[in-house]
1. Keeping to the range 13-49, report how many residues are exposed (fewer than 10 other Cβ atoms within 10 Å of the Cβ) and of a type in the set (Gly, Ala, Ser).
2. Condition test on residue 28, is it on the phi < 0 side of the Ramachandran plot, over 24 Å from the mean Cα position of the chain (by Cα) and modelled with pLDDT of 85 or more?
3. I'd like to verify a number: residues in the range 55-83 that are in a loop (DSSP other than H, G, I, E, B) and not hydroxyl-bearing (Ser, Thr, Tyr), how many?
4. Need the failing condition index for residue 52 against (1) in the same structural domain as residue 85 (by TED's automatic domain parsing); (2) in a helix (DSSP H, G or I); (3) surrounded by 10 or more Cβ atoms within 10 Å (Cβ to Cβ), just the number.
Amino acid sequence: MRPGADIARRSALRWEIAGFFFIIALGAGQYVSYRIMTADERSPYLNRIAPLLIIALAVLFIVFTFLPPEAGLFRDGATGAVGIPG
């Protein structure tokens with residue numbers, strides 16, 4: 001048996017639920033982009049909100065890279081450390 005096969009078998013329901021939400025998120029993203037592309041007039045607020053969202057994503061990326069919370073998602077499997085060791 002290949003490594004990790006038993007984990008995948010035990011958590012099949014989790015993968016199905018995650019896949020379901022992934023498909024829903026893809027559909028929602030396509031719908032929003034369709035609505036934006038087919039709108040007669042673009043909202044002036046989009047030009048103000050979009051750069052702020054990009055900056056917020058960049059800040060979150062930096063924060064979660066260098067100062068991650070003590071959660072299993074951010075823990076290194078081999079060493080058990082979180083964040084970038086310095």
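1. 0
2. Details: on the phi < 0 side of the Ramachandran plot: yes; over 24 Å from the mean Cα position of the chain (by Cα): no; modelled with pLDDT of 85 or more: yes.
When the stated conditions are applied, residue 28 does not pass them.
3. Within the range 55-83, the subset in a loop (DSSP other than H, G, I, E, B) is 67-71, 76-81, 83.
With not hydroxyl-bearing (Ser, Thr, Tyr) added as a condition, the list becomes 67-71, 76-78, 80-81, 83.
Looking only at that region, the number is 11.
4. (3)
The values are calculated or read from the model by the stated rules, or taken from the named source; none is laboratory data. Just so it is clear, the model here is predicted, and its values are computed rather than measured. Counting neighbours? That spans all protein chains shown, and the Cβs are built from the backbone with ideal geometry, glycine included.
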